[in-house]
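Enquirer: My structure is below; once you've seen it, I'll send some questions.
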Amino acid sequence: MIILTLNCGSSSVKYSVFNTAHGTMLARGIVERVGLTGSFISHTVGTHEVKIEIKCLNHKVAIEHVLKLLVSSSDGILENITEVNAVGHRVVHGGEFFIESTIINEEVEDVIAELSTLAPLHNPANLQGIQAARDVLPKIPHVAVFDTAFHQTLPEYAFRYAIPSRWYDEKKIRKYGFHGTSHFYVSQRAMQLLGDSMKKSRIISLHLGNGVSITAIKDGKSIDTSMGLTPLEGLIMGTRSGDLDPGVILYMMRSENLSPEELDAILNRKSGLIGITTTSDMRDIEKKATEGDEKSHLALKMAVYRVQKYIGAYTVALGGLNAIIFTAGIGENSPTFRNHVLKDLEFLGIKLDEKANKKAIGGKEDQIISADSSDVKILVIPTNEELVMAQDVENVILRRNIKIP
Ligand code: AMP
């Protein structure tokens, strides 16, 4: 099948086109500054990238531009747009309603809209993209792929917060978890790479990018994860605080008279690495830390320590550990960060092969970086959320016996 995947933000549309028969990506790109002045598309086929300035009022116009490019004589990959069999849409929050990818109809759109209260920054933009794409491509199936779906296997004792039950019963306040597509993909790859020994597996997957999350995966299922009701909980991120005593929020609200909007901006955009230093970029922090900058050194140490605490906690939650996976920008590219996280964990049977670790950069290939004597396998697996989306779309269509034109 030829699948178009879309990941719509409030002012951007990320896309890719897959041929699922060969598992190959035919093209990918991004439309930026949707609804603003100075919109443009960066479109990549193989290693060839073109950047085109466009006028782009809204998501519908953005998607129309993308479709035109896909069939254009110079940069196109399709003869005719009717070759696209289905569209997969990334949706951040699926709440408790969606435990797997789902064919989109009016009812599904309504639920995604209702879930906007839980993900006000993401779901409305995802929905705008869905509505625009269904308008432009009305004859083919559209499938929603949820960031939260993989974590719907968490047991209740792990996903509930110790707050009044009414908050859960009426408002569905609980841990949902995110980056599900990424954690699913890398854990499946690890099980394939490590073969039979991983059939009964206890895996910790570390998605270390600008957003950071860690997931405990037992026999292929997520049993705990660090992000919560929103992607703010858990590890220290580029601009997000991660775990915090809720008392800090109350104290600052009272002492500086902060509004919910101000607090939202501080905790989501001005905290984490950028809050401690002045940058959210791990490359800069690592460099400055080696040059003796104290704040960068502290930020690095804090980020590493928080990851180590979660590895300890999840090893207990899993009842042991067979493999640790590193993925996303920092996980795939930073031997330094991986080394800091793992170097003191030999007592858990975790032994890094330092040479292999140094070589694993660039995010192109799956690599095993544990020493032969390590009880726990350590892997670097470049994440591929778009491929999972495309495969999921195909699976849903085949499982439901949906006719594609
Ligand atoms: P992502 O959100 O997956 O694109 O990851 C972004 C993060 O990865 C940023 O903090 C980058 O600084 C970090 N990153 C990318 N390349 C490297 C590298 N070579 N060393 C350290 N951090 C990196």
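Enquirer: Residues in the range 359-381 that are within 16 Å of the ligand (Cβ to nearest atom) and either modelled with pLDDT under 95 or over 20 Å from VAL186 (Cα atoms) (or both): how many?
Expert: Looking only at that region, the number is 5.
Enquirer: State yes or no: is ASP243 outside any loop (DSSP other than H, G, I, E, B) and open to solvent by 30 Å² or more (accessible area, probe 1.4 Å)?
Expert: Answer is no for this residue.
For every residue, the table says whether it meets (1) open to solvent by 80 Å² or more (accessible area, probe 1.4 Å); (2) acidic (Asp, Glu).
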site	(1), (2)
GLU346	yes, yes
GLU354	yes, yes
GLY362	no, no
ASP366	no, yes
ALA371	no, no
SER374	no, no
ILE378	no, no
ILE381	no, no
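Enquirer: Can you spot a residue in the range 151-172 that is open to solvent by less than 20 Å² (accessible area, probe 1.4 Å), among the hydroxyl-bearing types (Ser, Thr, Tyr) and in contact (Cβ under 8 Å) with a residue 40 or more places away in the chain?
Expert: For the range 151-172, residues open to solvent by less than 20 Å² (accessible area, probe 1.4 Å), among the hydroxyl-bearing types (Ser, Thr, Tyr) and in contact (Cβ under 8 Å) with a residue 40 or more places away in the chain: absent.
Enquirer: Exactly one of these conditions fails for GLY88: (1) open to solvent by 30 Å² or more (accessible area, probe 1.4 Å); (2) under 22 Å from the mean Cα position of the chain (by Cα). Give me its number.
Expert: Going through (1) open to solvent by 30 Å² or more (accessible area, probe 1.4 Å); (2) under 22 Å from the mean Cα position of the chain (by Cα) one by one, GLY88 breaks only (1).
Enquirer: How many residues, within the range 294-307, are crowded, with 16+ Cβ neighbours inside 10 Å, over 12 Å from ILE276 (Cα atoms) and either without any contact (Cβ under 8 Å) to a residue 60 or more places away in the chain or within 13 Å of the ligand (Cβ to nearest atom) (or both)?
Expert: Summing the residues that are crowded, with 16+ Cβ neighbours inside 10 Å, over 12 Å from ILE276 (Cα atoms) and either without any contact (Cβ under 8 Å) to a residue 60 or more places away in the chain or within 13 Å of the ligand (Cβ to nearest atom) (or both) in the range 294-307 gives 1.
Enquirer: While we're here: Kindly provide the set of residues from the range 262-272 that are open to solvent by less than 50 Å² (accessible area, probe 1.4 Å), in a helix (DSSP H, G or I) and within 16 Å of the ligand (Cβ to nearest atom), ordered by number.
Expert: Result: ASN268, GLY272.
Enquirer: For the range 66-85, which residues satisfy the criterion of being touching a strand residue (DSSP E or B) at 6+ places or on another chain (Cβ under 8 Å), open to solvent by 10 Å² or more (accessible area, probe 1.4 Å) and assigned to a helix (DSSP H, G or I)?
Expert: LEU69, GLU83
Enquirer: Follow-up. From the list TYR185, TYR251, pick out the single residue that is aromatic (Phe, Trp, Tyr) and either away from the ligand (no atom under 16 Å from the Cβ) or open to solvent by 50 Å² or more (accessible area, probe 1.4 Å) (or both).
Expert: Testing whether each residue is aromatic (Phe, Trp, Tyr) and either away from the ligand (no atom under 16 Å from the Cβ) or open to solvent by 50 Å² or more (accessible area, probe 1.4 Å) (or both) leaves just TYR251.
Enquirer: Residues in the range 8-28 that are surrounded by fewer than 23 Cβ atoms within 10 Å (Cβ to Cβ) and part of a strand (DSSP E or B): how many?
Expert: So the answer is 8.
Enquirer: Which one is modelled with the lowest pLDDT among residues in the range 204-232 that are away from the ligand (no atom under 16 Å from the Cβ) and under 14 Å from the mean Cα position of the chain (by Cα)?
Expert: THR230
Enquirer: Here's something else I'd like to know. Which of the residues belonging to the range 273-298 are within 15 Å of LEU208 (Cα to Cα) and in a helix (DSSP H, G or I)?
Expert: LEU273, MET282, ARG283, ILE285, GLU286
Enquirer: May I ask you to verify whether ILE397 is assigned to a loop (DSSP other than H, G, I, E, B), hydrophobic (A, V, I, L, M, F, W, C) and either within 16 Å of the ligand (Cβ to nearest atom) or surrounded by 20 or more Cβ atoms within 10 Å (Cβ to Cβ) (or both)?
Expert: Here the answer is no, as ILE397 does not meet what is asked.
The values are calculated or read from the model by the stated rules, or taken from the named source; none is laboratory data. Computed from a predicted structure; not experimentally measured. All Cβ positions, glycine included, derive from the backbone under ideal geometry; neighbour counts span all protein chains shown. These accessible areas exclude ligands, DNA and RNA; they are computed on the full protein's heavy atoms, side chains included. Shrake-Rupley method; radii C 1.70, N 1.55, O 1.52, S 1.80 Å.
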